[in-house]
Structures are given as C-alpha cells and as structure tokens.
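Engineer: Below you'll find the structure I mean.
No value in this document is a laboratory result; all are computed from the given coordinates. Everything numeric here is computed off the predicted structure, so don't read it as measured data. Heads up, the Cβs are rebuilt from the backbone with ideal geometry, glycines too, and the neighbour counts pull from every protein chain shown.
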Amino acid sequence: MQLNVLTLPGDGIGTEVTREAVKVLEEVVSKFGHGLKLSEGLLGGIAIHKTGGPFPDETARLALDADATLMGAVGLPEFDNVPPEKRPEKGLLGIRKVLGVYANLRPVKAYPALIESSPLKNHIVEGVDMIIVRELNGGIYYGQPRGIQGSGDEERGTNTMTYTRAEIARITRMAFHLARNRKKKVTSVDKSNVLETSQLWRKVVNEVAPEFPDVELEHLLVDNCAMQLILRPKQFDVVVMENMFGDILSDEGAVLAGSIGMLPSASIGEKKASGAWVGLYEPVHGSAPDIAGQNKANPLGAIGSVAAMLEYSFGLVNEAAAVNRAVEEVLNSGNVTADLKPKNTPATCSQVGDAVANAI
Ligand code: IPM
Ligand code: MG
C-alpha cells in the first residue's frame, strides 16, 4: 500500500515528538513492505511566524490531498495574551473543521508497567481500558455568537454552546460502533439537569441507542463523571460527550494512564470512497514550552497516534498492533522519559523513539 501522509509538527515539543513518530512510521512501513510519501506543512505558532496566520491555505490544501495527517502540538507562550482568532490554537480548530473530523477518539489505557506512575492507588487504575469519544466539530468551540463587546462594567464575553440533532446522532453512532467491538457499553456524558443542548443530546442518544441492541447505554452528568473517572474508572468502556466536556475529561483521564504524554488521539470524519476514514492524528498533550528543545518529551502519545493512523486511515491492523506491541515492550524495559518517573536515568525523547523503532 502507498501511504501519503502529511506531517504538521507545529510548536514546542510538537516537532520533537513528531520526529520520533515519523521514525516509527518509516520503520513499520518498510518492515511490512509498504510505500510512504511524506509531506510537511505549517500549523500554529510557526505558521503565524512564517505566513502571518495559524492555518495557511496551503496547509488546508495539503491536508485535503493527503490520506492522513499527523500533527504534533500547537501553542506558544508569546501568544498568551492574543485574542482567540489570532492564536496558534485557532489553526488546530481550523484544520479539524476543514477536514470534518467530528469524532475525536482518545483511548485511555493503564499499562501494567506504568501503574506506579499514576498518583492513584494501584487497584483503582489496574485494568483501566476506555475510549473517550469527544465530539470535535461543534459545541461551544465553534458556536455563534461569540466575542467580547462593550466596555467598563458592561463589557461582556459571549460563547454559545449549540448542537444539532444530526451532529449528536453521528457522534453517538460512532461511539456505539466502537463499543460493539469492545466491552459493549456506552456512557453518554451531559449536563442535562441545566443545559438545553444536553437535553437534546440525551434525547438523541436515546433515540439512536435501539439501533445497537447489543450495546448497553448509561447516562452520566458531567460533574459526576469527573468524579467517577477517579473513583471507579474501570466501569467505563466507551464514554461519549460534547467538545468541551471531552477536552476537560480527557486531561483527567491522562492521570489514569500515568502521564498525558502517553495519550494518543485519532480524529476521524467521513469514510472516503476508498473505505478509509479521513483522519487527523495527534497526541493529546500540548506544546509544553517549558521543556521544548530539550529532547525530554515523551513521544509515546505521538507514536500511539501513528498506530491509530495505521488502523483507522489505512486499515492496517497488523501494522498498528506491531507499533502498540513495540510501545509496550519499551514501557516494560523501563527505558522511558522523565514524566513516567523511571527508576533509572530517564531516557530522552529520541532514545525512546529509537527503542520503539528497533522493537518493531
Ligand atoms: C486538545 C487541546 C486543544 C483543544 C487546544 C490546544 C485548542 O487542549 O486537543 O485537547 O482544546 O481541543
Ligand atoms: Mg485539551
């Protein structure tokens, strides 16, 4: 198979972890006899520096042409006080929308080798294996009206959380499809005791559920879900929610996995004529400017995102499994980066990338 992959390394540690992820991708592609055509584009702060905007048209064109896009991270502290419209993050929101990747899958898995890396008690974390399914193209991130108007005491900030029936139904179906191949349980998260968007959310989820009679459905309020994720995380299989709830709860989920550096994500949209999903793959972590340029970052979230790409965009499940096995082998070796608090001297970002590539 010929794989046309666009990389968008972005800012901060994004460039470092993407380099290691590409190393692993090249290795697995050659091991399994596939061809790889890589291109690189600009997104985020680096794109602002080089082109004046966080999401150049050229990047949109490259992403639409590629079979799949692998992203690092975006965000630079120099833009901290800039309005949302002009920030690096706007580039990320732009590409998610242009590609139409409405389903963000964030698997949270407790690897046996990392049990001690989580601050939670072992018996709570052991065996955790869930996927957070975050709606990614709607909700308060994109809702209109938005902005800051007026002045003085009457200066007012506005954001709008809005969902249509169609948007809720498609993400619900995605969650149920995933659950079918797992432990057959969907937890839908909302705030239906307060928000109308959540009331519609719950209604539509209930309407779609009978299409999947083999999958159990439960509803949970988002505040309770935040607590349950820490109290009894093993109860979860597929957890589906709107955009901002998913942003928040997936960071909480990272605590279960030992480090946010571990978490991969796959953002997928419609199926193409070829049968592959349109996909954007990125680690859940941010650009971590505090450790950027020091070869310290954990590349395993980015490398896990390569595995997700192989599986979802190319249907290469054996290749994806080979990457995941190699990651586990490296975790078991204890040769890991500082965020995972290894007993020995921490490995560097590039050493971990080399080790995973060698293990394939
Ligand atoms: C994430 C990030 C992004 C988001 C930011 C960088 C815009 O936090 O992918 O979780 O909020 O979606
Ligand atoms: Mg986030």
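Engineer: I need to check one value: relative contact order of the chain, counting alpha carbon pairs closer than 8 Å and at least 6 residues apart, in percent.
Structural biologist: Once normalised by length, the contact order is 22 percent.
Engineer: If Rh is defined by the Kirkwood formula over all Cα pairs and Rg also comes from Cα, what ratio Rg/Rh do you get for the chain?
Structural biologist: Values: Rg = 19.9 Å, Rh = 20.8 Å.
Value, to two decimals: 0.96.
Engineer: Within the P(r) computed for region 130-171, what percentage of the Cα pairs occupies the region above 18 Å?
Structural biologist: 44 percent
Engineer: For region 119-257, what is the per residue volume of the convex hull drawn over the alpha-carbon atoms, in cubic angstrom?
Structural biologist: On the way: hull volume 16.8 nm³, N = 139.
Convex hull of Cα atoms, per residue: 121 Å³.
Engineer: Taking 0.36 nm per residue of sequence separation and subtracting the Cα-Cα distance, how much length would be gained by fully extending the chain between S274 and Q2, in nm to one decimal?
Structural biologist: Full extension from S274 to Q2 adds 96.6 nm.
Engineer: Past the 25 Å Cα-Cα mark, which pairs from K23/K272; K50/K90; K97/K271?
Structural biologist: Working: K23/K272 27 Å; K50/K90 16 Å; K97/K271 16 Å.
Over 25 Å Cα-Cα: K23/K272.
Engineer: Quick one: if the Förster radius is 25 Å, what FRET efficiency do S39 and R146 give, using the C-beta to C-beta distance and rounding to 0.05?
Structural biologist: The computed FRET efficiency comes out at 0.15.
Engineer: Also, quick follow-up: Measuring from label point to label point, each 7 Å out along Cα→Cβ, what is the E85 to M244 span in nm?
Structural biologist: Simple spin-label model gives 2.0 nm for this pair.
Engineer: Enumerate the lysines that K343 could reach by cross-link, defined here as Cα to Cα under 25 Å, with residues fewer than 8 away along the same chain left out.
Structural biologist: Correct list for K343: K109, K121, K296.
Engineer: Order these peptides, 77-89, 237-249, by their mean beta-carbon neighbour count within 10 angstrom, highest first.
Structural biologist: Answer by packing, highest mean first, reads 237-249, 77-89.
Engineer: Using the basic label-point model (7 angstrom from Cα toward the beta carbon), what is the E252 to K185 distance in nanometres?
Structural biologist: Each label point is offset 7 Å from its Cα along the Cβ direction, giving 1.7 nm.
Engineer: Which loop-located GluC sites (Glu not before Pro) does region 102-138 contain, where loop means any DSSP state but H, G, I, E or B and the Cβ has at most 16 other Cβ atoms within 10 Å?
Structural biologist: E126
Engineer: Using a ≥ b ≥ c from the Cα gyration tensor of region 160-199 (square roots of the eigenvalues), is it rounded, prolate or oblate, where a/c under 1.5 gives rounded and otherwise the larger of a/b and b/c decides, a/b for prolate?
Structural biologist: In terms of gyration-tensor shape, oblate.
Engineer: Same structure again: When a/c reaches 1.5 or more, the comparison of a/b and b/c decides; with that in mind, is region 276-360 rounded, prolate or oblate per its Cα gyration tensor?
Structural biologist: Details: a/c = 2.88, a/b = 1.44, b/c = 1.99.
The shape class here is oblate.
Engineer: Calculate, axis by axis, the spread of Cα positions in region 1-133 along the three principal axes, and write the results as whole Å, longest axis first.
Structural biologist: 50, 46, 27
Engineer: Between K31 and V194, 0.36 nm times their residue separation minus their Cα-Cα distance comes to what?
Structural biologist: Taking 0.36 nm per residue and subtracting the Cα distance, the gain is 53.4 nm.
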